[in-house]
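Student: Right, I'll just put the structure down here and ask away after.
The values are calculated or read from the model by the stated rules, or taken from the named source; none is laboratory data. What you see is a predicted model, and the numbers here were worked out from it, not measured in a lab. Glycine also receives a Cβ, built like all others from the backbone with ideal geometry; neighbour counts cover every protein chain displayed.
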Amino acid sequence: MAKNNRTPAAEALTDVFLELFRLSNRLLTAGDRLVADLGLTSARWQVLGTIVATDRAQPVAWLARDMGANRQNVQRIVNDLEKEGLVAYQPNPHHRRAQLVVLTEAGRRAFDEAMGLQTPWINKLTEGLGVADIETTHKVITTLRRRLEGNGEEEAA
């Protein structure tokens, strides 16, 4: 068996990654439960939120990039949302085949309702946690994500 040559920091980060995998699974399950009565899932809610966060309509590939997700998976979700009337496609003046995705009024209502459910949930989840600790966690996670994306060691925004 090969000798483990990890630094102490690498060992600690490995433990963090394993915990993040568990957290991610729990977060998706909790999100699914939270928005189930709205006909949403965590994945659909995330796509709606990505659309809301953009300053202009974007094609699916750009939404997927912003989410750090696979384009094909995002395309499938957007197609489902479009069938349900939560998003619509618009022509893209810069690319004939890559239509732009926009939120419909029904999509905006569904997103707003989901966020209304999220507020008390997230407030309860943060009980006993310090803002500085949360901000430090955010900075570390953002730095690691950027390194994995190949963007160097930029500071978290």
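Student: I'd like to know if the stretch 141-155 contains one or more residues that are acidic (Asp, Glu) and modelled with pLDDT of 95 or more. Step through it out loud before you land on a result.
Tutor: Of all residues in the stretch 141-155, those acidic (Asp, Glu) come to 149, 153-155.
From the residues that got through so far, the ones that are modelled with pLDDT of 95 or more too are none.
Among the residues of the stretch 141-155, not one is acidic (Asp, Glu) and modelled with pLDDT of 95 or more, which makes the answer no.
Student: What is the one condition in (1) modelled with pLDDT of 95 or more; (2) touching a strand residue (DSSP E or B) at 6+ places or on another chain (Cβ under 8 Å) that Asp66 does not satisfy?
Tutor: (1)
Student: Now for a separate question. Restrict the check to the stretch 55-63 and report whether at least one residue is among the charged types (D, E, K, R) and under 24 Å from Ala114 (Cβ atoms).
Tutor: Quick first cut of the stretch 55-63, residues among the charged types (D, E, K, R) only: 55-56.
Among the residues that remain, those that are also under 24 Å from Ala114 (Cβ atoms) are: 55-56.
Within the stretch 55-63, one or more residues are among the charged types (D, E, K, R) and under 24 Å from Ala114 (Cβ atoms).
Student: Right, next: Check whether at least one residue in the stretch 105-123 is more than 13 Å from Gly39 (Cα to Cα) and assigned to a loop (DSSP other than H, G, I, E, B), and report yes or no.
Tutor: No: the stretch 105-123 contains no residue that is more than 13 Å from Gly39 (Cα to Cα) and assigned to a loop (DSSP other than H, G, I, E, B).
Student: Scanning for something of a type outside the set (Gly, Ala, Ser) and part of a strand (DSSP E or B), does the stretch 133-152 turn up at least one residue?
Tutor: No; the residues of the stretch 133-152 include none that is of a type outside the set (Gly, Ala, Ser) and part of a strand (DSSP E or B).
Student: Considering only residues that are closer than 17 Å to Val87 by Cα and either over 22 Å from the mean Cα position of the chain (by Cα) or not in a helix (DSSP H, G or I) (or both), which ones fall in the stretch 1-50?
Tutor: Hits for the stretch 1-50 are Gly39, Leu40, Thr41.
Student: Can I ask one more? Taking the stretch 51-75 on its own, how many of its residues are charged (D, E, K, R) and either surrounded by 14 or more Cβ atoms within 10 Å (Cβ to Cβ) or within 12 Å of the chain's Cα centre (by Cα) (or both)?
Tutor: Looking only at that region, the number is 3.
Student: Let me ask something additional. Quick check on the stretch 117-140: of everything there that is touching a residue at least 24 places away in the same chain (Cβ under 8 Å) and of a type outside the set (S, T, N, Q), which residue is surrounded by the most Cβ atoms within 10 Å (Cβ to Cβ)? Walk me through it before giving the result.
Tutor: Filtering the stretch 117-140 down to residues touching a residue at least 24 places away in the same chain (Cβ under 8 Å) leaves 117-118, 121.
Filter once more, keeping what is of a type outside the set (S, T, N, Q): 117, 121.
Details: Leu117: 16, Trp121: 13.
Here the answer is Leu117.
Student: Moving on. Pairs please, first residue from the stretch 57-85 and free of Cβ contacts under 8 Å to residues at least 24 places away in the same chain and on the phi < 0 side of the Ramachandran plot, second anywhere and of a type outside the set (S, T, N, Q) and exposed (fewer than 15 other Cβ atoms within 10 Å of the Cβ), Cβ atoms under 7 Å, 6+ apart in sequence or on different chains.
Tutor: If the second residue must be of a type outside the set (S, T, N, Q) and exposed (fewer than 15 other Cβ atoms within 10 Å of the Cβ), the pairs left are Arg71/Ala61.
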